[in-house]
Amino acid sequence: MGLWRRTLLQTPEQCDVDSRVYWLQTAVWHGDLRLPVGRPEFGRVHSLRQCSRVHLEWLLRQEGFAGVTKVDGHICEWHRRMDYHPRDWRDIGNMHFCAAGLEESGVEQQYRERWEPEPLDCRRFSAQHLQLDGLQRLLLRAGEYFMHLRPRSLGEVDARRLWARVEKQRASLDEMRQLADFEISFGRHQEGVLRIVHSTLPWLEGGVLPQMGDWTTLPGD
């Protein structure tokens with residue numbers, strides 16, 4: 001359990017030490033946020049409607065997901081319940097602790113990742129959910145850190161269809177906006193509020209996660 005920051009990704013195609021990646025793990029639930037390098041300027045952008053194609057292309061390079069973590073010895077499988085960019089393969093890693101933190105290597109995919117732990121001010125962990133506006137939201141917490149996930153309103157079949165259009169460079173701006181309408185916000189509890197530090201919707205950064213209703217604790221957390 002805890003908050004982990006990725007410092008290395010190696011695959012046959014790339015070596016990435018620059019992307020900003022956080023993995024928040026509670027007793028049962030995980031949240032993951034992956035922000036690539038090369039972010040364009042969002043200073044005057046306050047909504048998806050104001051995003052240009054350049055903005056949207058970068059937003060759709062982001063990744064993130066949340067779900068239930070299953071551990072069997074050194075093997076860890078992440079069962080994704082929410083996924084920014086759904087894939088057809090299972091997410092299974094072989095995990096080993098090392099001096100720097102945690103080494104992960106793919107079981108069904110060829111990759112290696114290194115994760116380093118972030119210090120926590122306390123050892124409190126929780127996973128909660130809330131149904132709001134027809135969407136299931138998640139709020140995961142580890143110490144002073146949190147991750148809030150709100151999926152897009154598109155169903156998975158429609159989302160996969162639009163992702164296929166994006167990959168073929170045939171998607172319209174409105175279709176790209178529909179895909180980008182997926183919030184994963186990461187931040188810290190500061191002065192009595194949940195302050196957003198990084199988000200898949202950059203204009204939320206620096207703001208406060210609003211009060212939304214009564215959250216319900218998920219089983220196992």
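Can you confirm whether segment 120-127 contains a residue that is surrounded by fewer than 19 Cβ atoms within 10 Å (Cβ to Cβ) and under 17 Å from the mean Cα position of the chain (by Cα)?
There is at least one residue in segment 120-127 that is surrounded by fewer than 19 Cβ atoms within 10 Å (Cβ to Cβ) and under 17 Å from the mean Cα position of the chain (by Cα).
Being touching a Leu at 6+ places or on another chain (Cβ under 6 Å), crowded, with 19+ Cβ neighbours inside 10 Å and not in a helix (DSSP H, G or I) is true for just one of Leu149, Leu179, Leu162. Which residue is that? Don't jump to the end; show me each part of the working.
Details: Leu179 fails: not in a helix (DSSP H, G or I); Leu162 fails: not in a helix (DSSP H, G or I).
That would be Leu149, the only listed residue that is touching a Leu at 6+ places or on another chain (Cβ under 6 Å), crowded, with 19+ Cβ neighbours inside 10 Å and not in a helix (DSSP H, G or I).
Among the candidates Arg137, Arg141, single out the residue that is in a strand (DSSP E or B), touching a Ser or Thr at 6+ places or on another chain (Cβ under 7 Å) and surrounded by 18 or more Cβ atoms within 10 Å (Cβ to Cβ).
Arg141
Ser185: touching a residue at least 12 places away in the same chain (Cβ under 8 Å), part of a loop (DSSP other than H, G, I, E, B), of a type in the set (Ser, Thr, Tyr) and closer than 19 Å to Arg81 by Cβ, yes or no? Outline the logic, then answer.
Values: touching a residue at least 12 places away in the same chain (Cβ under 8 Å): yes; part of a loop (DSSP other than H, G, I, E, B): no; of a type in the set (Ser, Thr, Tyr): yes; closer than 19 Å to Arg81 by Cβ: yes.
The answer is no for Ser185.
Residues to consider are Leu132, Leu140, Leu173, Leu162; find the one that is touching a Phe, Trp or Tyr at 6+ places or on another chain (Cβ under 7 Å) and not hydroxyl-bearing (Ser, Thr, Tyr).
Result: Leu140 is the single residue among Leu132, Leu140, Leu173, Leu162 that is touching a Phe, Trp or Tyr at 6+ places or on another chain (Cβ under 7 Å) and not hydroxyl-bearing (Ser, Thr, Tyr).
Could you please give the count of residues in segment 62-106 that are more than 16 Å from the chain's Cα centre (by Cα), exposed (fewer than 14 other Cβ atoms within 10 Å of the Cβ) and not acidic (Asp, Glu)?
Qualifying residue count for the region: 12.
Taking interchain pairs and intrachain pairs at least six residues apart, which have beta carbon atoms under 7 angstrom, with the first residue in segment 190-207 and more than 26 Å from Leu56 (Cα to Cα) and the second hydrophobic (A, V, I, L, M, F, W, C)?
Correct list of pairs: Val193/Val208; Leu194/Phe146; Leu194/Val208; Leu194/Leu209.
Residue check, Leu130 against (1) assigned to a loop (DSSP other than H, G, I, E, B); (2) touching a residue at least 60 places away in the same chain (Cβ under 8 Å); (3) of a type outside the set (Ser, Thr, Tyr), all met but one. Which one?
(1)
Every residue, every condition in (1) over 14 Å from the mean Cα position of the chain (by Cα); (2) under 30 Å from Ala127 (Cα atoms); (3) surrounded by 15 or more Cβ atoms within 10 Å (Cβ to Cβ); (4) without any contact (Cβ under 8 Å) to a residue 12 or more places away in the chain, yes or no:
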| residue | (1), (2), (3), (4) |
| --- | --- |
| Trp4 | no, yes, yes, no |
| Thr11 | yes, no, no, no |
| Cys15 | yes, no, no, yes |
| Tyr22 | no, yes, yes, no |
| Gly31 | no, yes, yes, no |
| Leu35 | no, yes, yes, no |
| Gly38 | yes, no, no, no |
| His46 | yes, yes, no, no |
| Gln50 | yes, no, no, yes |
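Values in this text are rule-based calculations from the coordinates and carry no lab data. On a predicted model such as this, the values are computed, not experimentally measured, just so you know. FYI the Cβ positions are ideal-geometry reconstructions off the backbone, even for glycines, and counts take in every protein chain you see.
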